[in-house]
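This report concerns only the one structure given below.
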Amino acid sequence: MSKKKLVSEKRNYLVITVAQAKEITKGWLKELELLKVINLGLPEVDDRYHSWRVPLLNKKTKIGEVVIDAYTTEILTEKTTKPEMLEARLLGKSEEKVERRAQKDIIYPISNLRNTIGLGDSVTLIDDMPANSVDLIFTSPPYFNARPEYSDYEVYDEYLLKMRQIIRRCHRVLNDGRFFVMNISHVLLRRASRNESSKRIAVPFDIHRIFIEEGFEFIDDIIWVKPEGAGWATGRGRRFAADRNPLQYKAVPVTEYVLVYRKKSDLLIDWFIRNHPNKDVVNSSKVGDDYEKTNIWRIHPKTNSKHPAPFPYELAEKVIKYYSFKNDVILDPFAGSGTVGAACIANNRRFVLFEINPDYMEMIKKDIKSWMGKAAEDILWINVPPVDTSTQLF
């Protein structure tokens, strides 16, 4: 009878057994000179995040945990209980004082990334980015099969898996305590024949679950409201409008979600304002009196684009102004025709734009000169030839 494989073996982890996870943890505690005063609980493999979690005990009371990368054996310091906090809990000291002291020692992160445009799969491109190098992520991912020429996902679970891969990698490159904003909506799948009914998939609710599982905390659900006529293109509601029979009623969709998440952090939002190294930048980044005061944003959709699902410049500009400082780096892993990049330049931010479709990349290359002029020469281009500005008049 063959022995059943462990989950860690199926995933081809380097850390396969409980004993290995304990040995790695003991080595870490020995370096901290805490091995003799801390006991280990039973390690558990967390295959969602490809990691091992090892409880740390003071006698029988849990005082923290060590998180180990199952693929590399590395201690994940950002997810592991801080040594200073372990000492405070062992000695019964004030954890609040320890946290305040630790925050004073944190150096405010300033990214050295320059404006970047890359052609290819965002999963691969983000993997090549430095950790904690982005200050805001704003994107509008492809709709799941809303338009056949736009989305390549035939199975909904494949679509969600792709979104998880992107969100997980974005978590690594996003700075501690900063924001990930996603524009996304429910999707209507038209019926294939008169004998079938159409289906509406609540994509934002599934995406929300992924964000929470990948280490983000929910902040806001902003409702983007389009003009009333915008939803009639879906065909939803036409049958009821004609017949008015009960049970046939279906509301015409004129809204999309702008979901706001924050990468989990011990740092309060005020910390980033107080500790920013350039107070002039903080002051000049303040939002004017015409800001959106509720979570209902009424914005006309963009209609004069060759991209099949563009989102409006106004939406990108609001998000960038509300959730970043000037000179911050904003990543859009589904750049499309580059609206986020244009809004970044107009509002004195840097951008990182990734797009897998060569046709949309050509749109970006065509428009980039109108955004930046000669400064387009300084863009870092990945997997795509740079724009030639030598013969252009600006």
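The values are calculated or read from the model by the stated rules, or taken from the named source; none is laboratory data. This is a predicted model, so every value here is computed, not measured. All Cβ positions, even for glycine, are placed from backbone atoms using ideal geometry, and neighbour counts span all protein chains on display.
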Is at least one residue of the range 350-361 assigned by TED's automatic domain parsing to the domain that holds ASP206, buried (at least 19 other Cβ atoms within 10 Å of the Cβ) and part of a loop (DSSP other than H, G, I, E, B)?
yes
Taking the range 1-19 and keeping only residues that are modelled with pLDDT of 80 or more and either among the acidic types (Asp, Glu) or touching a helix residue (DSSP H, G or I) at 6+ places or on another chain (Cβ under 9 Å) (or both), one is left with TYR13, LEU14, VAL15, ILE16, THR17
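Can you name every residue in the range 344-358 that is β-branched (Val, Ile, Thr) and over 16 Å from ASN112 (Cβ atoms)? Steps first, please.
The first filter runs over the range 344-358 and keeps only residues β-branched (Val, Ile, Thr), leaving 345, 352, 356.
Residues satisfying the conditions are ILE345, ILE356.
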Does the range 78-122 hold any residues that are assigned to a loop (DSSP other than H, G, I, E, B), surrounded by fewer than 12 Cβ atoms within 10 Å (Cβ to Cβ) and either in contact with a helix residue (DSSP H, G or I) (Cβ under 8 Å, 6 or more places away or on another chain) or at pLDDT below 85 (or both), and which are they?
GLY92, SER94, ASP105, ILE107
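Is it true that some residue in the range 37-47 is at pLDDT 90 or above and acidic (Asp, Glu)?
Here is the first cut: in the range 37-47, the residues at pLDDT 90 or above are 37-45.
Then drop every residue that is not acidic (Asp, Glu), which leaves 44.
Within the range 37-47 (the criterion being at pLDDT 90 or above and acidic (Asp, Glu)), the answer is yes, since at least one residue qualifies.
Let's see how each residue does on (1) modelled with pLDDT of 80 or more; (2) hydroxyl-bearing (Ser, Thr, Tyr); (3) under 21 Å from the mean Cα position of the chain (by Cα):
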site: VAL173; (1), (2), (3): yes, no, yes
site: ARG238; (1), (2), (3): no, no, no
site: ALA251; (1), (2), (3): yes, no, no
site: TYR261; (1), (2), (3): yes, yes, yes
Give the residues of the range 374-385 that are modelled with pLDDT under 95 and more than 24 Å from SER324 (Cα to Cα), sorted by residue number.
LYS374, GLU377, VAL384, PRO385
Note on the range 248-285: residues small (Gly, Ala, Ser), part of a loop (DSSP other than H, G, I, E, B) and more than 30 Å from VAL187 (Cα to Cα) are SER265, SER285
Residues LYS321, LYS365: which one is at pLDDT 90 or above, within 24 Å of GLU292 (Cα to Cα) and either out of contact with any Phe, Trp or Tyr (no Cβ under 6 Å at 6 or more places or on another chain) or in a helix (DSSP H, G or I) (or both)?
LYS321
